[in-house]
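The values are calculated or read from the model by the stated rules, or taken from the named source; none is laboratory data. Small disclaimer: the values here were computed from a predicted structure and weren't measured. In this analysis, Cβ positions are derived from the backbone assuming ideal geometry, glycine residues included, and neighbour counts consider all displayed protein chains. Ligands, DNA and RNA are stripped out before the accessible areas are found, and what is left, the full protein with its side chains, is counted by its heavy atoms. Shrake-Rupley method; radii C 1.70, N 1.55, O 1.52, S 1.80 Å.
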Amino acid sequence: MRPEPLIIGFDTSAAHCAAALLQGDRILVEATEPMDKGQAERLVPLLEDLLASADVGWRDLSAIGVGIGPGNFTGVRIAVATARGLALGLGVPAIGISGLEALAHGIPGVRVASIDARQGRLYLQTFGTFDGTRPVLCDIDTLPAIPARAEPLCIGHRAEEIADRCAGQPAAPVHSLPAAIAHIAALRRFSTATRPAPLYLRPADAAPSRDIAPRILP
């Protein structure tokens, strides 16, 4: 009997380095390490630690799931670049999954997922209704319209407040963030052809330098 597909999912879109290893429908091992910086140096060693703890190697992987944001600009780029490089080197697909979709995964019905966008704002997306709904950047007073009588389940940042405003109920995620990313990647590993790309919903906080760039000699 062939072994079930082995899929690794990871995310560095916020102040953490998080990863999970999935085989079939079972999470073998996962880890989330809080950190404000240093994800670029820690991510690959963390992935290697997970593989070693499950007694498997890189070549055993069938696919890679990666969190594409929205979130910290640098963190999102670190994860996406790592996923692309690993996928190229291993010859396996890399599947990009938004943090909002990961929050909503495994919960039935109409769901409103939200992530802290700082400065009093949030990233929000509705699932289970509105074909083609996209993530938006908003605040608690400018929530997008939600269908009447939808009674959504609200998951994530300020879920109770959002539930009060849309006649819904707060709910907890079914999976951790990296576990949800791995589960969704498993579902999509044969249907996703495009490479993962960062999901940016706001401009970078840092302004570009006004200094004139030095001339690069040939």
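Worth pointing out:
- Qualifying residue in segment 2-12 (condition: under 18 Å from the mean Cα position of the chain (by Cα), open to solvent by 30 Å² or more (accessible area, probe 1.4 Å) and within 29 Å of residue 137 (Cα to Cα)): no
- Some residue of segment 145-157 being within 16 Å of the chain's Cα centre (by Cα), open to solvent by less than 40 Å² (accessible area, probe 1.4 Å) and on the phi > 0 side of the Ramachandran plot: yes
- The residues of segment 95-120 that are assigned to a strand (DSSP E or B), at pLDDT below 95 and open to solvent by 50 Å² or more (accessible area, probe 1.4 Å) amount to a single one, 118.
- Comparison of 171, 186, 94 shows that the only residue that is over 24 Å from residue 75 (Cβ atoms) and touching a residue at least 60 places away in the same chain (Cβ under 8 Å) is 171.
- Answer from 36, 25, 55 - the residue that is touching a residue at least 24 places away in the same chain (Cβ under 8 Å), farther than 20 Å from residue 135 by Cβ, loosely packed, with under 14 Cβ neighbours inside 10 Å and of a type outside the set (A, V, I, L, M): 25
- Subset of segment 160-180 [more than 18 Å from the chain's Cα centre (by Cα) and surrounded by fewer than 23 Cβ atoms within 10 Å (Cβ to Cβ)]: 160, 161, 163, 164, 165, 166, 167, 168, 169, 170, 171
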